Amino acid sequence: MKDDETDDMPEVFSCRLPIILDKVYYTIINKRAMKRALQSPVETALLLDRLTDSMKTKPITDINKKITEIICKKENYNTKAWEEVEADDLKIDSLDKAIAILKKIKAASNAMLEISDKYNKGYQKPGNTT
């Protein structure tokens, strides 16, 4: 590449991500459905769609659980943004409880925007490293 061609390219952030989920997922298929799929391209496409749908549900659920487990650590947030809530408070059976929960959510959201020495550094504009 020439120097003038690299001027138009965006800066690329490179990082190394650890493996967070290492599992093998299987799916079961009927022999008759496989034979039918091998006889026509339309049936093959239908079988592939069915297999894809059946195979992606479990991994997506597992990934969502693992990401939630990683993200939802108290150490990752500004201490003002962390609010412990009792199970009884989450049973919203009156307008007052609903308002109280909404106020806690708003307070936590506002606290997450504040700069902290922890992982959460608040909203940053692109290119800002502070």
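The values are calculated or read from the model by the stated rules, or taken from the named source; none is laboratory data. Small disclaimer: the values here were computed from a predicted structure and weren't measured. Please note: Cβ atoms are built from the backbone with ideal geometry, for glycine as well, and neighbour counts cover all protein chains shown.
For the stretch 58-78, enumerate the residues that are surrounded by 12 or more Cβ atoms within 10 Å (Cβ to Cβ) and of a type in the set (S, T, N, Q).
Across the stretch 58-78, the qualifying residues are Asn76, Asn78.
Considering only residues that are assigned to a loop (DSSP other than H, G, I, E, B) and modelled with pLDDT of 85 or more, which ones fall in the stretch 92-130?
Passing the criteria: Ile92, Asp93, Ser94.
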